[in-house]
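Where a number appears in this text, it was derived from the coordinates with a stated rule and is not lab data. Predicted model, so just to flag it, every value in this text is computed and none were measured. Methodologically, a virtual Cβ is constructed for each residue, glycine included, from the backbone with ideal geometry; neighbour enumeration extends over all protein chains shown.
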Amino acid sequence: MSGNVPEGQPEDRPWQSPSGPAPWGQNQQQPQWGQNQPWPAGQAAGQANPGWPVPPPGQFHGYHAPPKPGIIPLRPLGLGEILDGAFQACRRNPLSTFGTAILFQVIVAVLTVLLTIGLTGSLATFDPITASSAEVTGLVASALSVGSVLILLTSVGVLILQGVLIIPIARAVLDERTGFKELWKLAGRRILPLIGLGAMLFLLWTVSIGVLVVILIGLSLALEDAAIAIVVIGVLAAVAVAVWLNIKWIMAPAALMLEGVGPIAALRRSWTLTTGNWWRTFGILVLTSIIVSIITQVVAAPVSFLAFGFGSFTSAPASTEAALLESLPVLLIVQAVTAVFTAIGFAFQAGVTALLYVDLRIRREGFDIVLLRENEARAQGTYSPIPGQSNRDGFGHPGPQGTQDQPGA
């Protein structure tokens, strides 16, 4: 006989009969693996008991798959499970996810067209040869104003959209469906803090960019020969820092909506959750953005080509103003189609971010146990409508009022 068991001692291998090996589980004279056998009297816990069978090498009995009440299993998630869960959540709640995203994008698109038409009208009447310095300054100021307003609308709109869509995605984790009206009923109380978070981040980025521009201009004037190198290095460093901070704060809307904390506390929670998981979070979000961008361009590009191609066959307009009026319907159609598919992409990205938030809390705080407890309470009809807002989860993260729950309190 080979192995660590000496020959002639079959009693050390209880899964074998005296006449030779027997298949596991067929030896009826020994207690079966997994049965609740009493611990022998007078024997300390942890000591070897040759009368108890152990599984053969390479076999493990008693594994149970983690519970999956909704779109994801309640355990740390993989990339495929996050992407599939986000798609399943959007598919199960089309009005609250796609409907809300399309509503936001249509509003932003209409405002974009109106602002762009006004700026285009100013450009149509602008003559760079005969224009005075005051006219040039006014046009530049108008362009900067329009650009700033569009960036502000887009940034705040995307942040609010991401925060609002966290709710139906999180509820889908526990197999709860969320309608359009129910979504806004649950999210209505947190809209003002969410707008405050967006305004705070926008102000922070604006001040940071302004300070950076002043510093780069000062360095360029002081070092004339190395001005180009200074500007390039400064811009690249600023972009790297901005990307790093954006990933560190990407979970703030989810923490604000699901945990009921304020804007500053939400930023701290996001910073804590992404600590040690920055590269994984960054990779998943970048991959999601690439997928959404490719799908959006594949669908929107042919529509834009057909719309502008159809407009090119119309009669030549008598003036520039007439050309702008004729191109307005085509521009509206292109913007509407682009807004719809961009909204679908935003909804999917919001789903991925929400599930990343759940995954990070599972990995750091055992949030799967909290969700399992809330799923059991859901069966009894005594659960919170927003997952994660149970008052006493015992894991030390903020409760629904932003307080710090202590285990056993």
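How much length is gained if the chain between LYS181 and TRP278 is pulled fully straight, taking 0.36 nm per residue apart and subtracting their Cα-Cα distance, in nm to one decimal? Intermediate values should be presented prior to the final figure.
Numbers: separation 97, 0.36 × 97 = 34.92 nm, distance 3.52 nm.
Here the answer is 31.4 nm.
Each peptide in 228-240, 250-262, 280-292, 67-79 gets a packing score, the mean of other Cβ atoms within 10 Å over its residues, and the list from highest to lowest is 250-262, 67-79, 280-292, 228-240. Between LEU287 and LEU221, the simple label model (points 7 Å from Cα in the Cβ direction) yields a spacing of 4.8 nm.
Other residues lying with their Cβ under 13 Å from the Cβ of GLY163 contribute a combined charge of +1, Lys and Arg counting +1, Asp and Glu -1. Loop-located GluC sites (Glu not before Pro) in region 171-241 (DSSP state other than H, G, I, E, B) with a sparse environment of at most 12 neighbouring Cβ atoms within 10 Å: GLU224.
Evaluate E = 1/(1 + (r/R0)^6) for VAL239 and ILE191, where r is the Cβ-Cβ distance and R0 equals 45 Å; express this FRET efficiency to the nearest 0.05. FRET efficiency, VAL239 to ILE191: 0.90.
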